[in-house]
Amino acid sequence: MWLIDPQFSPLKDVPGPDSYDNILLGDIGKVVRSRLSSVYEGWFAKYGHTFSFRSLFLSRILCTKDPKAVAHILNHAYDFPKSPDTRKFLAKMFGEGLLFAEGGDHKRQRKILNPCFSSAHIRELTPVFYDKAYELRDIWLRQIEEGRLESKEIDVFVWLARATLDIIGLAGFDYAFDTLNQGETDELVRAFMDLFAPMQNPPTLAFVVAMIPLLRLFPNERAKVTARSTAVMTRVGARLLQEKRAAVLASASSADGVEKKSVAGNDLLSVLIKANMATDIKDSERMTNVEVIGQIYTLLIAGHETTSTTLTWLLYDLAHLENQRVQAKLREELQSVTTDRPTMDELNALPYLDAVVRENLRLNSALDGTSRCAGRDTSIPVSTPYIDKKGVERMEIRIGAGEEIILPISLINRDKELWGEDADEFKPERWLEGNAHSRSSEIPGVFSSVLTFLGGPRACIGYRFALLELKVLIFALLRDISVELPDPAPEIEKKSL
Ligand code: HEM
């Protein structure tokens, strides 16, 4: 990215701050240290929908919330790949799965993975979601009844993270982590936790180490932990793959090859292995073993904390005094259902639950933003013209090959121009019929008009899984349990690292 001399960058004429904090870091230190997105928020207020700022070695980064520009970048996903540094990081942490793949490899992997995430298949996983949701509910109820908890306070994040990890283990790979009962004792869970343990380094330093390959050559404790964890993950992944493949083959009914309905298990990995072995795809389209193992860790990371974090924020929002009315209305709807295990369609037919989930996803995006880079020198169209630094009105942004782009998901999800003046408020009613703000539909999200699952060919493949999981957990937990903040309420702030 810093191969482009910043003086020649086409982004130099895009509005944005002229000065910067530091000649080595540009303004990155400020962005990383401050409350999530707050620096971007200030720059949007000052410079409009699109601005550029200085990053490492004074390279320029583009940041835009213009809906047409965002749609263009997302819909032309292969022209705006992840940067080489991001991909190096992804490969090291999760292997060569879907989050890492680009271009033809991504298209090929996604084609094989898509059927695993169809509505029809996700529906089959519903019992796993309910089993774990009720297991968690019962643990909470027992803890409350036995009075084992001081003033009945529960750190819901820890428990929700365990529930979602158990769910992705079973639904994803038929693997019982059983963290709800055993805690984090499984070797794979331990490796996973170590990998994502909060960074010991100050955030700015951690960012610089991540971005400058040379600095990673110096020995540091995190590098050793990462190496240890990835070794365990690779070993367990290879074993899982071998076991699943053997089970799929054993259940294949005839010597004609693997047929559609012959899968041993319903878990995502079994379905993936079967699709990858199907006789009707070309050898050149099949995933390699390294790619399949990469999917295991990609699904683990992408499908675990995202959901538990989202749900934790929902419980936090509902626990506020001013939202007790919303919580009561939601509970009334949930209690009106006469079965303990409504089907996916029955859950989807509950309008207030649906509105609460959408509003939660809008306000509490698990990813605050994402980044891409320009694959070549190109132009990005905008819907709102801007005046460049030379005073010329522009309808497009020119960007050079390799230059980075930030898509500020959370800020777009609460942009007042798109959502109205009450955009920052938790208001499920906005999703009920006839209440939507007219401009929110300009947001190019794969689900609803929120950008939380992103959009285009690289949108979250697991969004249907996540929606059903969220709804089942909310149904099982909030029918019987109400949530309040402890007194005094903790101060919680969102930060990027
Ligand atoms: C509330 C929960 C979730 C949220 C908010 C979420 C959000 C996202 C976002 C924003 C991306 C795009 C990341 C980027 O390209 O920068 C993504 C990608 C992805 N997500 Fe999710 N996700 C959630 C749950 C899940 C679940 C449950 C799974 C799997 C079981 C999953 C699997 C994936 C995968 C494999 C990708 C990579 C897609 C690709 O690059 O083609 N996600 N997710």
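The values are calculated or read from the model by the stated rules, or taken from the named source; none is laboratory data. Remember, predicted model here, so these are calculated numbers, not experimental data. FYI the Cβ positions are ideal-geometry reconstructions off the backbone, even for glycines, and counts take in every protein chain you see.
Among the candidates ALA423, ALA436, the residue that is touching an Asp or Glu at 6+ places or on another chain (Cβ under 8 Å) and small (Gly, Ala, Ser) is uniquely ALA423. Residue selection: ASP178 satisfies the criterion of being at pLDDT 80 or above and either within 20 Å of LEU473 (Cβ to Cβ) or within 16 Å of the ligand (Cβ to nearest atom) (or both). Applying the criterion of at least 3 residues that are crowded, with 18+ Cβ neighbours inside 10 Å, among the hydrophobic types (A, V, I, L, M, F, W, C) and not assigned by TED's automatic domain parsing to the domain that holds ILE405 to the helices (runs of 4 or more DSSP H) found wholly in the range 1-102 leaves 84-94.
Scoring TRP313 on the criteria (1) more than 15 Å from the ligand (Cβ to nearest atom); (2) part of a helix (DSSP H, G or I) leaves a single failure, condition (1).
Taking the criterion of being more than 7 Å from the ligand (Cβ to nearest atom) and either surrounded by fewer than 21 Cβ atoms within 10 Å (Cβ to Cβ) or within 12 Å of ILE167 (Cβ to Cβ) (or both), the residues of the range 465-475 that qualify are LEU468, VAL472, LEU473.
Taken together, LYS92, LYS65, LYS88 contain a single residue that is under 27 Å from PRO381 (Cα atoms) and basic (Lys, Arg), which is LYS65. Scanning the range 43-82 for residues that are among the small types (Gly, Ala, Ser) and at pLDDT below 95 gives SER55, SER59. Kindly list the number of the only condition in (1) of a type in the set (Gly, Ala, Ser); (2) away from the ligand (no atom under 16 Å from the Cβ); (3) more than 26 Å from ALA423 (Cα to Cα) that fails for ALA355. (3) is the only condition that ALA355 fails.
Reported count of residues in the range 268-306, each being assigned to a loop (DSSP other than H, G, I, E, B) and within 11 Å of the ligand (Cβ to nearest atom), is 2. Scanning the range 311-362 for residues that are among the hydrophobic types (A, V, I, L, M, F, W, C) and surrounded by fewer than 13 Cβ atoms within 10 Å (Cβ to Cβ) gives LEU321, ALA328, ALA349.
Only one entry of GLU346, GLU322, GLU332 meets the criterion of being more than 16 Å from the ligand (Cβ to nearest atom), part of a helix (DSSP H, G or I) and at pLDDT below 95, and that entry is GLU322. Just one residue in the set ARG372, ARG341 is in contact with a strand residue (DSSP E or B) (Cβ under 8 Å, 6 or more places away or on another chain) and either within 12 Å of the ligand (Cβ to nearest atom) or among the basic types (Lys, Arg) (or both); that residue is ARG372. It is to be established whether one or more residues within the range 455-463 are in contact with a Gly (Cβ under 9 Å, 6 or more places away or on another chain), part of a helix (DSSP H, G or I) and near the ligand (Cβ under 10 Å from one of its atoms). There is no residue in the range 455-463 that is in contact with a Gly (Cβ under 9 Å, 6 or more places away or on another chain), part of a helix (DSSP H, G or I) and near the ligand (Cβ under 10 Å from one of its atoms).
In the range 390-415, the residues that are in contact (Cβ under 8 Å) with a residue 60 or more places away in the chain and under 30 Å from LEU363 (Cβ atoms) form Cβ pairs under 6 Å with partners that are of a type in the set (A, V, I, L, M) and surrounded by fewer than 21 Cβ atoms within 10 Å (Cβ to Cβ), at six or more places apart or across chains, as follows: GLU404/MET1. Taking interchain pairs and intrachain pairs at least six residues apart, which have beta carbon atoms under 8 angstrom, with the first residue in the range 9-30 and over 18 Å from LYS46 (Cβ atoms) and the second among the charged types (D, E, K, R)? Pairs found: SER9/ARG60; SER9/GLU403; PRO10/ASP377; PRO10/ARG398; PRO10/GLU403; GLY29/ASP21. Taking the criterion of being buried (at least 18 other Cβ atoms within 10 Å of the Cβ) and in a helix (DSSP H, G or I), the residues of the range 402-443 that qualify are ILE409, SER410, LEU411, ILE412, ASN413, LEU418, TRP419, PRO428, ARG430, TRP431, SER440. Condition test on PRO444, is it in contact (Cβ under 8 Å) with a residue 40 or more places away in the chain, more than 20 Å from GLU322 (Cα to Cα) and away from the ligand (no atom under 12 Å from the Cβ)? For PRO444, the condition - in contact (Cβ under 8 Å) with a residue 40 or more places away in the chain, more than 20 Å from GLU322 (Cα to Cα) and away from the ligand (no atom under 12 Å from the Cβ) - is met.
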